[in-house]
Each structure stands twice: as structure tokens, then as C-alpha cells.
Amino acid sequence: MTATPGGLRIRKWFSFLDETVANETGRKADGPVLHKIAVAAAVHNPYAGRFSRNLDRLLTPSPRLGQEFGRRLVALSNGTRIESYGKGCLVGTQGEYEHGNALLTSTFADPIRKAIGGAKAWIPSTGKRGGPGTPIDIPLAHKDALYVRSHYDTLTLQFGDAPAPDEIVVIFVAASRGRLHARLGGLRSKDAVGDGLH
């Protein structure tokens with residue numbers, strides 16, 4: 001295992017790129033194609049198999065983990081602008097769901113916001129417990145205004161050998177635009193300004 005500067009032990013990094021050029025009925029993209037990217041890490045859970053009221057061994061190093069996620073997301077995007085995002089966790093069977101959430105707080109996410117050029121909106125999040133290969137749907141929403149309907153989306157991911165019982169898979173997903181041919185009205189991406197809660 002390798003260690004991050006914050007002290008978390010990481011066994012494996014994952015990256016994923018999805019490029020959608022036409023929608024489900026075959027209609028070509030209305031503008032740029034949709035790029036979805038994901039970065040994930042299989043992290044050793046220091047609280048596996050036991051209860052602890054204090055989760056600082058996960059909370060304290062999470063900003064350093066966020067910095068590395070941000071660096072990897074920017075590299076994977078290869079210059080493509082990021083418009084939406086989401087996060088999640090898969091907790092191995094010896095851990096609690098709370099352990100995964102400890103790695104997804106704003107202290108983890110804020111360095112990612114900074115890396116992608118800033119963001120104002122709440123980051124949709126999900127998580128669950130499971131073993132290797134467990135699928136998870138990561139929700140996406142606009143990074144600057146939560147209620148931009150065109151950007152509500154998901155990316156389904158699974159990891160063939162993770163999480164081990166004493167691991168947490170931490171996941172962050174980003175996308176370059178909203179759904180192809182979104183046509184449900186509401187706030188538009190180009191009007192997504194203000195406090196991010198419109």
C-alpha cells in the first residue's frame with residue numbers, strides 16, 4: 001500500500017472516462033459530446049471491525065486526499081471544462097457507512113472545487129456497504145446551481161476487487177455538460193449564477 005501525505009493507506013487508484021456522442025434514441029449530441037470522468041481510491045479503513053466515536057483518522061487526512069483527487073480529475077479531463085459533479089463511497093463489510101461519509105465531507109471536497117476552477121453548489125452524494133464488484137450509482141448535479149435540471153444525471157461504477165472488507169472506496173465523478181437533448185425547462189446552465197442554490 002502507498003500512503004498519502006495525510007497518512008491514509010491507499011491500495012489502488014481507479015480512473016474512468018465515459019464519452020456519449022448520441023442519446024438513447026440515437027440522436028447525435030446537441031453541441032459538444034458529454035464527457036463523464038471518475039476518480040476513485042481503495043483506502044484502508046482504520047476503524048474496520050470496531051466502533052469509535054472519534055473518526056479523526058479519516059477526517060484529518062481527507063483534505064490531502066481531496067487535493068490528490070482534484071489533481072487526478074484535472075489531468076483526466078484533459079482540458080475539458082467541468083460543469084457538474086457528484087461523490088460517493090463504498091464501504092467494505094467490516095466498516096460502517098459512517099466511515100465512508102467521514103471521507104466525503106467538505107474538507108475533502110473543497111480542494112476538488114478549487115482544482116476544477118471553483119464551484120458554488122452542494123455536491124450530491126451517496127454511499128453504501130458492500131463487497132468487491134458492488135455497483136453504485138453516483139448522482140450528478142450542476143457545480144454552480146443545484147437546480148439546473150439538465151445536469152441531473154448519474155454514472156454507475158463498480159470495482160472488480162474493491163472494497164475489501166477493511167477498505168473504503170472513495171469516488172468522485174465530474175461531467176462536461178448536462179444530458180444530451182435535455183428538454184424539461186427550468187434554470188439553464190448559462191444562467192447558473194449566485195449562491196448555487198437557485
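The values are calculated or read from the model by the stated rules, or taken from the named source; none is laboratory data. All values derive from a computational prediction rather than experimental measurement. Methodologically, a virtual Cβ is constructed for each residue, glycine included, from the backbone with ideal geometry; neighbour enumeration extends over all protein chains shown.
Are any residues in the stretch 97-126 in a loop (DSSP other than H, G, I, E, B) and of a type in the set (A, V, I, L, M, F, W, C), and if so, which ones?
First, pick out the residues of the stretch 97-126 that are in a loop (DSSP other than H, G, I, E, B): 103-105, 116-124.
Once the filter is applied, which keeps residues that are in a loop (DSSP other than H, G, I, E, B) and of a type in the set (A, V, I, L, M, F, W, C), the stretch 97-126 yields Leu103, Leu104, Ile116, Ala119, Ala121, Trp122, Ile123.
Is one or more of the residues making up the stretch 2-14 among the β-branched types (Val, Ile, Thr), without any contact (Cβ under 8 Å) to a residue 24 or more places away in the chain and either touching a His at 6+ places or on another chain (Cβ under 9 Å) or assigned to a strand (DSSP E or B) (or both)? Write out each step before concluding.
First, the residues of the stretch 2-14 that are among the β-branched types (Val, Ile, Thr): 2, 4, 10.
The next check asks that each one be without any contact (Cβ under 8 Å) to a residue 24 or more places away in the chain; those that pass are 2.
With the extra rule that they be either touching a His at 6+ places or on another chain (Cβ under 9 Å) or assigned to a strand (DSSP E or B) (or both), the set shrinks to 2.
Yes, the stretch 2-14 has at least one match.
Residues Arg53, Arg81, Arg64: which one is among the basic types (Lys, Arg) and closer than 23 Å to Leu17 by Cα? Reasoning before the result, please.
Values: Arg53 fails: closer than 23 Å to Leu17 by Cα; Arg64 fails: closer than 23 Å to Leu17 by Cα.
Unique residue meeting the criteria: Arg81.
Restricting attention to the stretch 183-198, report how many residues are surrounded by 10 or more Cβ atoms within 10 Å (Cβ to Cβ), over 9 Å from Ala121 (Cβ atoms) and modelled with pLDDT of 50 or more.
6
Does any residue of the stretch 40-54 turn out to be modelled with pLDDT of 95 or more and either in a helix (DSSP H, G or I) or within 13 Å of the chain's Cα centre (by Cα) (or both)? Spell out how you get there, then give the answer.
In the first step, residues of the stretch 40-54 are kept if they are modelled with pLDDT of 95 or more; the result is 40-54.
Imposing the further condition that a residue be either in a helix (DSSP H, G or I) or within 13 Å of the chain's Cα centre (by Cα) (or both) reduces the set to 40-41.
Yes.
Please go through the stretch 43-102 and pick out each residue that is over 15 Å from Val170 (Cα atoms) and crowded, with 21+ Cβ neighbours inside 10 Å.
Across the stretch 43-102, the qualifying residues are Glu83, Ser84.
Say we look at the stretch 131-148 and pick out the residues that are at pLDDT 95 or above and surrounded by fewer than 17 Cβ atoms within 10 Å (Cβ to Cβ); which of these is nearest to Pro163 (Cα to Cα)?
The qualifying residue nearest to Pro163 (Cα to Cα) is Gly131.
Taking the stretch 147-167, which residues are of a type in the set (A, V, I, L, M), closer than 19 Å to Leu34 by Cα and under 17 Å from the mean Cα position of the chain (by Cα)? Walk me through how you get there before you give the answer.
In the first step, residues of the stretch 147-167 are kept if they are of a type in the set (A, V, I, L, M); the result is 148, 155, 157, 162, 164.
Restricting the remaining residues to those that are closer than 19 Å to Leu34 by Cα gives 148, 155, 157.
Listed by number, the residues that qualify are Leu155, Leu157.
For the stretch 117-139, how many residues are free of Cβ contacts under 8 Å to residues at least 60 places away in the same chain and either closer than 21 Å to Thr105 by Cα or of a type in the set (Ser, Thr, Tyr) (or both)?
First, the residues of the stretch 117-139 that are free of Cβ contacts under 8 Å to residues at least 60 places away in the same chain: 117-118, 123-137, 139.
Adding the requirement that they be either closer than 21 Å to Thr105 by Cα or of a type in the set (Ser, Thr, Tyr) (or both) leaves 117-118, 123-130, 134, 136-137, 139.
Total satisfying the criteria: 14.
Can you tell me which of Ala164, Ala175 is closer than 20 Å to Phe108 by Cβ and modelled with pLDDT of 95 or more? I'd like the intermediate steps shown before the answer.
Values: Ala164 fails: closer than 20 Å to Phe108 by Cβ.
Within the list Ala164, Ala175, the selection yields Ala175.
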